[in-house]
1. Has the range 59-69 got any residue that is over 22 Å from GLY150 (Cα atoms), modelled with pLDDT of 90 or more and touching a helix residue (DSSP H, G or I) at 6+ places or on another chain (Cβ under 9 Å)?
2. Would you please name the residue that is nearest to HIS229 (Cα to Cα), looking only at residues in the range 276-306 that are surrounded by fewer than 18 Cβ atoms within 10 Å (Cβ to Cβ) and among the charged types (D, E, K, R)?
3. Is there any pair linking a residue in the range 200-228 that is at pLDDT 95 or above to one that is part of a loop (DSSP other than H, G, I, E, B) and among the hydrophobic types (A, V, I, L, M, F, W, C), with Cβ under 7 Å and at least six apart or on different chains, and which?
4. State all residues of the range 13-46 that are open to solvent by less than 30 Å² (accessible area, probe 1.4 Å) and over 23 Å from ASN75 (Cβ atoms); if no residue qualifies, say none.
5. Which pairs turn up if I take residues in the range 40-66 that are more than 20 Å from THR138 (Cβ to Cβ) and look for partners that are among the basic types (Lys, Arg) and loosely packed, with under 15 Cβ neighbours inside 10 Å with beta carbon separation below 8 Å, at least 6 apart in sequence or on another chain?
6. Is it true that some residue in the range 319-334 is among the charged types (D, E, K, R), assigned to a strand (DSSP E or B) and open to solvent by 10 Å² or more (accessible area, probe 1.4 Å)?
7. Do you know which residues across the range 219-241 are farther than 21 Å from ASP416 by Cβ and out of contact with any helix residue (DSSP H, G or I) (no Cβ under 7 Å at 6 or more places or on another chain)?
8. Can you tell me which of (1) open to solvent by less than 20 Å² (accessible area, probe 1.4 Å); (2) touching a strand residue (DSSP E or B) at 6+ places or on another chain (Cβ under 7 Å) is the one ASP9 doesn't meet?
Amino acid sequence: MKAKTLRKDKVNIITLGCSKNMVDSEILSGQLQANAIDVVHESGKRDHNIVIVNTCGFIDKAKEESINTILEQVNLKQKGRLDKVYVTGCLSQRYRDDLEQSIPEVDAWFGTMEMPLILKRFEVDYKAELIGERLLATPQHYAYMKIAEGCNRTCSFCAIPLMRGNHTSRSIDDLVAEAHTLAKRGVKELLLIAQELTYYGLDLYKKRALPDLLNRLADVPGIEWIRLHYAYPHKFPMEILDVMKARPNICNYLDMPLQHAADAMLKAMKRQITRAEMEDLVQAIRETVPGICLRTTLITGFPGETLDDVEELKGFLERQRFDRVGIFTYSHEENTSAYAFEDNVPAEEKQRRAEDIMAVQQEISLEKNQEHVGKTLKVLVDKKEAGRYLGRTEFDSVEVDNEVIIQTDKKLPIGDFVNVAITKAYDYDLEGTVVG
């Protein structure tokens, strides 16, 4: 009689929510892999026996998606197709007690800062020396770099500090070491992310140290693009722009969520800035870095928002003409200060307002794209889809911004830079042919 062979564990990590969650999953994957545990990201195959769901708890839709994903995995476990289901991330951090009672089939719940405890489940220890050793969930030519965790702001609509804690910067030396590791693996673009990028360093160095970090990262061989995400407008450190101008591998791109433009809304949201101050800031940024791509995100349907507020926001967009805009509808989140307000804008009306505002931006986006027709732009080739190559300019971040449809008869290596003569402009995309 043959002895039964024990199956070796294989872990599938499912990541929901933002790019910060993706980085956490990549780091966890790297830790598991370094401990000789087989791990994959969001595998469609059924050859794994353990699932870790990294959840998002930011807004209602994200919470619903997280819960549905957990239930799907629990169902697979009940059918005998999985041995273990673990849950981590923001939803787990925020609602662990309730979730443990309502979904007892999950084997263990972990918060956002409990990676060592997850690893203990696999009888291995967290290896602090593995700086930059991540199993990338992105294509090999770009990677997100989380430079800080948490947030010290008190925006009335936001639950992030409840789930991620106070702002904690990573050291410049650790981040530069990680950049070197990523560059050696073929990463050409670093997408810097934090809940508030511009606060970086105040806790560690007692000053805003993002300019110092950018100069160090810009020196890393192989890194051709560095992209900045999630700047905060209040007390914006203009010296960042001086570094952007001086260093050619820092993209002329800034993602700065403004959330609204009506002063009443900005005050209720606790944004610490007025519309006039925002307008002055936008003008100063554009004067300092001519041609910079400015991306912002907005919220519609905040408690008390009037139709006049919406019209003011539309007028603000028409005057400021942002290059890229994203919109969220307000989500009424427990334990935020805005939760004390009546959520008095119906969901359908929130959505209608969002669509109304995006219609304004759609026209602006088309007009701005048309300005590129006839120009030749440097494009990073991201993928091949439906027989055509798609890429991005320095003015476009991954997934949220425009793409360039590349026309060519040649084979283009994914992750290469090519020069593209722009021949057509669409609402949110460009099209062109490879030159040179």
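1. So far as the range 59-69 goes, yes, one or more of its residues are over 22 Å from GLY150 (Cα atoms), modelled with pLDDT of 90 or more and touching a helix residue (DSSP H, G or I) at 6+ places or on another chain (Cβ under 9 Å).
2. My answer is ARG286.
3. Taking only residues 6 or more apart or on different chains, the pairs are TYR200/ILE147; TYR200/ALA194; TYR200/ALA209; GLY201/ALA209; LEU213/ILE147; LEU217/ILE223.
4. Across the range 13-46, the qualifying residues are SER19, LYS20, VAL23, ASP24, GLU26, LEU28, SER29, GLY30, GLN31, LEU32, ILE37.
5. ARG46/ARG81; ASN49/ARG7
6. First, pick out the residues of the range 319-334 that are among the charged types (D, E, K, R): 319, 321, 323-324, 333-334.
In the following step, the residues that additionally are assigned to a strand (DSSP E or B) were identified as 324.
Imposing the further condition that a residue be open to solvent by 10 Å² or more (accessible area, probe 1.4 Å) reduces the set to 324.
Yes.
7. If we filter the range 219-241 for residues that are farther than 21 Å from ASP416 by Cβ, which is where we start, we get 219, 228-241.
Within the range 219-241, ASP219, HIS234, LYS235 qualify.
8. The failed condition is (1).
The values are calculated or read from the model by the stated rules, or taken from the named source; none is laboratory data. These numbers come from a predicted model, not from an experiment. All Cβ positions, even for glycine, are placed from backbone atoms using ideal geometry, and neighbour counts span all protein chains on display. Note: accessible area is taken over every heavy atom of the protein model, side chains too, but ligands, DNA and RNA are not part of it. Shrake-Rupley method; radii C 1.70, N 1.55, O 1.52, S 1.80 Å.
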